[in-house]
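Report on the structure given below.
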Amino acid sequence: MIGGGIAGLAAAPYLSGAAGGPARAAVTLLEAGDRFGGKLLTGEVGGVQVDLGAESMLARRPEAVELAREVGLADVLEPPGTAKAAVWTRDALRPLPAGQLMGVPGDLAALAASTVLTDQGLRRARAERPQPAVDQDVAIGAFVAARLGREVVDRLVEPLLGGVYAGRADEISLRAAVPQLLPIAQRGGPLVAGVHELLDRPQAAGPVFQGLRGGIGTLPVAVAAACRRAGAELRTDTPVRELLRTPAGWRVVTAERLIEADAVVLAVPAPVAAALLAPHAPGAAAELAGVEYAGMALVTMAFRRADLPLTPPGSGFLVPPVDGRSIKAATFSSQKWDWLGRAAPDTFLLRTSLGRHREEAALDLDDGELVARSLADLRAAVGLAALPYASAVTRWRAGLPQYPVGHQARVDRIRAAVAGLGGLALAGAAYDGVGIPACVAGARRAVAEVLTPLPGAGPTEGTMGA
């Protein structure tokens, strides 16, 4: 495997046998950076271990939770203590309305009760305008605005999508980002009624999201340890310079060694994959080079509870860009995660996020300025007047791939161009979803692909070098 983010790491257990199945190959995993895990990272803030990257995983999609169990973390899975979120809009915290899907309402009564929209915006949403059936990919912002009005997009869809992609609703693909809405779009039926029907279907039992005591950043550590116990070789600080074709498979070139491999799983950001694939699949490389990324900064702060007359309510709040604030979201970590409250009962931890696609100037501000801007918005939103006794700023430059209109067609073209190479598969957030479960599912798909020989070729099991 090349790439030690969660996708590359997730592929390794299914090849090495660390996930509990049979060992399928000798595995070497190479990571250019100094650690494994990508956007999954824990660190210490104010003497408390806390996530500095992704903090939860969708449990209704099982792949990530299954991986955690397979590497010995079943006993530390823990759902959020509260999921009661708000929207900070029009100078007030307003409850995130129930009965919505990525901000698209399926319950107009709940939408009205939330007061997120102005009276005019609510009247427009109630007067849904029928639209023709959609036979091609569209931006989710335009799709919703035409039916329910611009305010639903600006104050609900935009902040929710921004929390996932750090992108823009008027550019993000409906097909790629919210595929549940695709059947509604294709039949041209009422949108609110269609979302209500979707949400009214029986759901799997259990929590919607899961975390891990100690932080989601402990997952890559556990996966790496399980793979090493199974005999896999995992190396950091080892960037791959070149991929060469050989009669038996691939030669992976690093600064220190050459690795002969029967097959390669390429789980790296799109620009890196483009450079490595350019000599072998120039069409795929050109498509990959066109994938854009968004950057964001996370500001994590630790307060003494004794300094807080009241703790902020709920799990946090989202901020619509239309309101012109510095932060785009705040998470009250000690409220959201009971394990944090137990680990540090005298500390209140929260974090804010700043930056989105093509609005990333915040990442170039110094840490003190980012903390100051976060505190100013928190004071305006929830009356937080205390100062933190510790803080940490984590910058994720080019952290989130964007899924614009046509993204899925681009991914299909990339995979078609790579398919004929044999013994090489792609995985990672740039393809089928940016969430942890989607990355794990993509890793499984890549494993299946490299273990399936091309017609007329011999078996590919053997050495998964890099």
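At-a-glance table
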{"read-out": "Residue-averaged 222 nm ellipticity for the chain, from DSSP H runs of 4+ at -39500 (n - 2.57), nearest 500", "value": "-9500 deg cm²/dmol"}
{"read-out": "Stretchable slack from residue 342 to residue 286, in nm (0.36 nm times residue separation minus alpha-carbon distance)", "value": "15.2 nm"}
{"read-out": "Contour minus Cα-Cα distance for residue 118 and residue 359 (0.36 nm per residue)", "value": "84.1 nm"}
{"read-out": "Cβ-based net charge around residue 357, under 14 Å, with every Lys or Arg adding one and every Asp or Glu removing one", "value": "-1"}
{"read-out": "Ranking of 114, 16 by count of other Cβ atoms within 10 Å, fewest first", "value": "114, 16"}
{"read-out": "³J(HN,Hα), Karplus 6.51/-1.76/1.60, whole Hz, each residue of the range 68-83, x for Gly, Pro", "value": "4, 5, 5, 9, x, 9, 4, 6, 10, 5, 8, x, x, x, 8, 10"}
{"read-out": "Zone of residue 60's modelled label, taken as backbone nitrogen in the range 99-115 under 19 Å from a point 7 Å along Cα→Cβ", "value": "99-111"}
{"read-out": "Dipole magnitude of the chain about its Cα centre (Cβ charges: Lys, Arg +1; Asp, Glu -1), debye to nearest 20", "value": "560"}
{"read-out": "DSSP beta bridge pairing in the chain, given as percent antiparallel to the nearest 5", "value": "80"}
{"read-out": "Gain in span if fully extended, residue 204 to residue 416, counting 0.36 nm per residue against the direct Cα distance", "value": "72.9 nm"}
{"read-out": "Calculated P(r) of the range 161-314 - Cα pairs past 20 Å, %", "value": "75"}
{"read-out": "GluC sites (Glu not before Pro) restricted to DSSP loop in the range 238-347 with at most 12 other C-beta within 10 Å", "value": "256"}
{"read-out": "Karplus-derived 3J(HN,Hα), 6.51/-1.76/1.60, for each residue of the range 52-59, Hz, glycine and proline x", "value": "10, x, 4, 10, 8, 9, 5, 8"}
{"read-out": "Whole-Å semi-axes of the range 86-200's equivalent ellipsoid (Cα gyration tensor)", "value": "21, 16, 12"}
{"read-out": "Over the chain, relative contact order from alpha-carbon pairs under 8 Å, at least 6 apart, %", "value": "25"}
{"read-out": "Charge dipole of the range 267-358 about the Cα centre (unit charges at C-beta), most positive-ward option of 313, 271, 284", "value": "313"}
{"read-out": "Net charge over other residues, Cβ less than 15 angstrom from the Cβ of residue 319 (K, R count +1; D, E count -1)", "value": "+4"}
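Every number in this text was worked out from the coordinates using simple rules, so none of it is lab data. All figures in this text were calculated on a predicted structure; none of them were measured in a lab. Because the Cβ atoms are built from the backbone with ideal geometry, glycine has one as well, and the counts that use them run over all protein chains shown.
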